[in-house]
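First up is the structure itself, then whatever we jot down about it.
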Amino acid sequence: MDVNSKTAVVTGGAGGIGRALAEELIRHGARVLIADIAPTVGQVAEEIGAASWQGDVAAADGVTELLAAAEAAHGPVDLYFANAGIVGPTGIGEDEDEWDRVFDINVRAHIRAAKALVPGWQARGEGYFVSTSSAAGLLTQIGQAGYSTTKHAAVGFAEWLNITYGDDGIRVSCLCPMGVNTPLLTGGERAADAADRTANKAVTSAGRVLEPAEVAEVVLAAVESETFLILPHPEVLDMYRMKGSDYDRWLRGMRRYRRTLAGGSAS
Ligand code: NAD
């Protein structure tokens, strides 16, 4: 899809990958609204020339409100970037509330947005949903139970949307990067929780940490060519193929990698 003159919403747009996506969309001629829970969202919007909405994109009425705000600012939404995300519980022992929250933001928010947008897109014969998942949604992130689980769910939902509504003119892509230089990743470096530090090391040792602007460029190219799987780290495809070709071997390799990261023996 050519995004020029189109209306786009980017959730989690106050910083990190979301802000870079919004800036890249604006450079390509789109009219953008950024939505974020962070109070800085209005200020960022002013800096980059976007409209803004502040609130929780995972709340049921949050999605309705932010779509109404986008429509009031720029007209009906053509592209929706479901990008806001959190890390969530590191293991299975954490509070149920933590699990609810990570499912709400990383998965339910995508479902709620699609539910609100798809009927209008079907009627217009056009619309584009871009889900920010993660390489953790294809490969599992060591040290992050909630993140790995919900990012797999986000890939699953994006696939389902693509298959179900592709014939109605609705396009869906799914972004699955490894490390990107944002607070979400760098917060793990000095985290108090050892599992968070291991998770950070698992990502930063696996490949180059990209800048958000590099990722945004790759995403815009994929939207232009309407490619489903967006891999700013091309090596993720090799890892994913290896997993698919011999799942048990891949699991053994991941367990070995986990032991190495934890400072134990690889054998
Ligand atoms: P970030 O923490 O810099 O940005 C996330 C933004 O989402 C923040 O501005 C935050 O305020 C906002 N947000 C969180 N919960 C929200 C909510 N309920 N409602 C509205 N806004 C909310 O992190 P980022 O790295 O830019 O993350 C963006 C997306 O990229 C996430 O989905 C993340 O999982 C994914 N991702 C990041 C990396 C990485 O290494 N940084 C790798 C793969 C995938």
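The values are calculated or read from the model by the stated rules, or taken from the named source; none is laboratory data. Because the structure is a prediction, the values reported are computed rather than measured. Positions of Cβ are backbone-derived with ideal geometry, glycine not excepted, and every protein chain shown enters the neighbour counts. In case anyone asks, the SASA skips ligands and DNA or RNA and just uses the protein heavy atoms, side chains included. Shrake-Rupley method; radii C 1.70, N 1.55, O 1.52, S 1.80 Å.
Looking only at residues in the range 159-183 that are surrounded by fewer than 18 Cβ atoms within 10 Å (Cβ to Cβ) and hydrophobic (A, V, I, L, M, F, W, C), the one that is farthest from the ligand (Cβ to nearest atom) is I163.
Looking for whichever is among the charged types (D, E, K, R), touching a helix residue (DSSP H, G or I) at 6+ places or on another chain (Cβ under 9 Å), at pLDDT 95 or above and open to solvent by 70 Å² or more (accessible area, probe 1.4 Å) here; the options are R19, R31. Which one fits? Even if it seems obvious, please write down each step before you answer.
Numbers: R19 fails: open to solvent by 70 Å² or more (accessible area, probe 1.4 Å).
Being among the charged types (D, E, K, R), touching a helix residue (DSSP H, G or I) at 6+ places or on another chain (Cβ under 9 Å), at pLDDT 95 or above and open to solvent by 70 Å² or more (accessible area, probe 1.4 Å) holds for just one of R19, R31, which is R31.
Can you name every residue in the range 11-43 that is near the ligand (Cβ under 10 Å from one of its atoms) and part of a strand (DSSP E or B)?
First, pick out the residues of the range 11-43 that are near the ligand (Cβ under 10 Å from one of its atoms): 11-21, 34-41.
Scanning the range 11-43 gives T11, I34, A35, D36.
Step by step: first the residues of the range 44-58, then only those that are under 25 Å from L210 (Cα atoms) and out of contact with any helix residue (DSSP H, G or I) (no Cβ under 7 Å at 6 or more places or on another chain), then the one that is nearest to the ligand (Cβ to nearest atom). Which residue is that? That would be A45. Within the range 4-27, the presence of at least one residue that is touching a Pro at 6+ places or on another chain (Cβ under 7 Å) and closer than 15 Å to G127 by Cβ is confirmed. Mind listing whichever residues of the range 207-244 are free of Cβ contacts under 8 Å to residues at least 40 places away in the same chain, surrounded by 15 or more Cβ atoms within 10 Å (Cβ to Cβ) and among the aliphatic types (A, V, I, L, M)? Passing the criteria: V209, L210, V218.
Per-residue answers, yes or no, for (1) surrounded by fewer than 23 Cβ atoms within 10 Å (Cβ to Cβ); (2) touching a strand residue (DSSP E or B) at 6+ places or on another chain (Cβ under 9 Å); (3) part of a helix (DSSP H, G or I); (4) in contact (Cβ under 8 Å) with a residue 24 or more places away in the chain:
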residue	(1), (2), (3), (4)
P76	yes, yes, no, yes
G93	yes, no, no, no
E98	yes, no, yes, yes
V102	no, no, yes, yes
R108	yes, no, yes, yes
I111	yes, no, yes, yes
Y147	no, no, yes, yes
H152	yes, no, yes, no
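Do you know which of the residues in the range 78-88 that are within 14 Å of the ligand (Cβ to nearest atom) and buried (at least 20 other Cβ atoms within 10 Å of the Cβ) is farthest from H152 (Cα to Cα)? It comes out as Y80.
Taking R197, is it away from the ligand (no atom under 14 Å from the Cβ) and over 20 Å from N83 (Cα atoms)? So R197 fits the description; yes. Selection over the range 119-138 of residues that are in a helix (DSSP H, G or I), touching a helix residue (DSSP H, G or I) at 6+ places or on another chain (Cβ under 6 Å) and more than 16 Å from the ligand (Cβ to nearest atom) gives a count of 1.
Residues are listed down the side, and each one gets a yes or a no for (1) among the hydrophobic types (A, V, I, L, M, F, W, C); (2) over 17 Å from the mean Cα position of the chain (by Cα):
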{"site": "N4", "(1), (2)": "no, yes"}
{"site": "T11", "(1), (2)": "no, no"}
{"site": "G15", "(1), (2)": "no, no"}
{"site": "L21", "(1), (2)": "yes, no"}
{"site": "E65", "(1), (2)": "no, yes"}
{"site": "E98", "(1), (2)": "no, yes"}
{"site": "R108", "(1), (2)": "no, no"}
